[in-house]
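S.K.: Just passing along the structure, written as structure tokens.
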Amino acid sequence: MKSVVKRRQRIIRVRRAQHLQAQAVVAQAEGRLASLETSSDRLRQLRESLNMAPGVASGAALANAAEMAMRLDNARDGLRDAIVGAKAAVDKSAELRLEARIRQESAERLGEQAARALEAYRERRAPGAGRRRTLSDEGKSA
């Protein structure tokens with residue numbers, strides 16, 4: 001009976017560690033997503049800042065600005081796929097974290113159940129806990 005409780009306690013520790021690890025994976029995925037979104041926003045801001053000032057401008061300056069705008073747009077388009085993948089990774093890791101949490105809570109309930117069963121077993125086995133009545137005891141009470 002005692003070995004069952006110890007085994008359940010080990011399982012609880014393992015499940016707790018698995019949940020913590022899953023939380024770390026979620027945090028890492030969310031950080032990567034935030035970084036990609038920040039990069040995309042920065043590229044958008046750079047693209048918007050390329051607007052030429054009104055006035056006379058050379059053809060070379062216009063061509064350079066247009067090429068830079070095209071490159072920034074291409075880089076931002078390339079980040080879209082990475083952002084979609086990062087969002088999917090965040091969703092998947094959040095699901096895994098939830099599953100790990102459910103397993104941890106289940107292990108904790110089983111551990112508590114085993115501890116209660118051990119305590120009940122010990123109470124039943126305690127000296128004097130289950131004294132049987134003898135014929136001499138019955139005669140004294142009557």
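None of the figures in this text is laboratory data; all of them are computed from the coordinates on show. The model shown is predicted, which means the values in this text are computed figures rather than measured ones. Note that each Cβ is placed from the backbone with ideal geometry, even for glycine, and that neighbours are counted across all protein chains shown.
S.K.: Among GLN23, GLN104, GLN113, which one moves the most in a GNM of the chain with springs linking Cα atoms closer than 10 Å?
M.R.: Per the Cα network of the chain with a 10 Å cutoff, GLN113 tops the list.
S.K.: Taking 0.36 nm per residue of separation and subtracting the Cα-Cα distance, what length does fully extending TYR121 through MET68 add? Write out the running numbers ahead of the final one.
M.R.: Numbers: separation 53, 0.36 × 53 = 19.08 nm, distance 7.77 nm.
Full-extension gain reported as 11.3 nm.
S.K.: Give the Rg/Rh ratio for the chain, taking Rg as the radius of gyration of the Cα atoms and Rh as the Kirkwood radius, to two decimals.
M.R.: My calculation of the ratio gives 1.57.
S.K.: Now, a different point. Which ³J(HN,Hα) values in Hz, rounded to whole numbers, follow from the phi angles of the range 37-48 under the Karplus curve 6.51 cos²θ - 1.76 cosθ + 1.60, where θ = phi - 60° and Gly and Pro get x?
M.R.: 5, 5, 4, 5, 5, 5, 4, 5, 5, 4, 4, 5
S.K.: Which net charge results when you count Lys and Arg as +1 and Asp and Glu as -1 among the other residues whose beta-carbon is under 13 Å from that of GLY85?
M.R.: Around GLY85, the charge tally is +1.
S.K.: Mean separation of Cα pairs under 8 Å and 6+ residues apart, divided by the residue count of the range 2-126: what relative contact order is that in percent?
M.R.: With pairs under 8 Å counted, the relative contact order is 53 percent.
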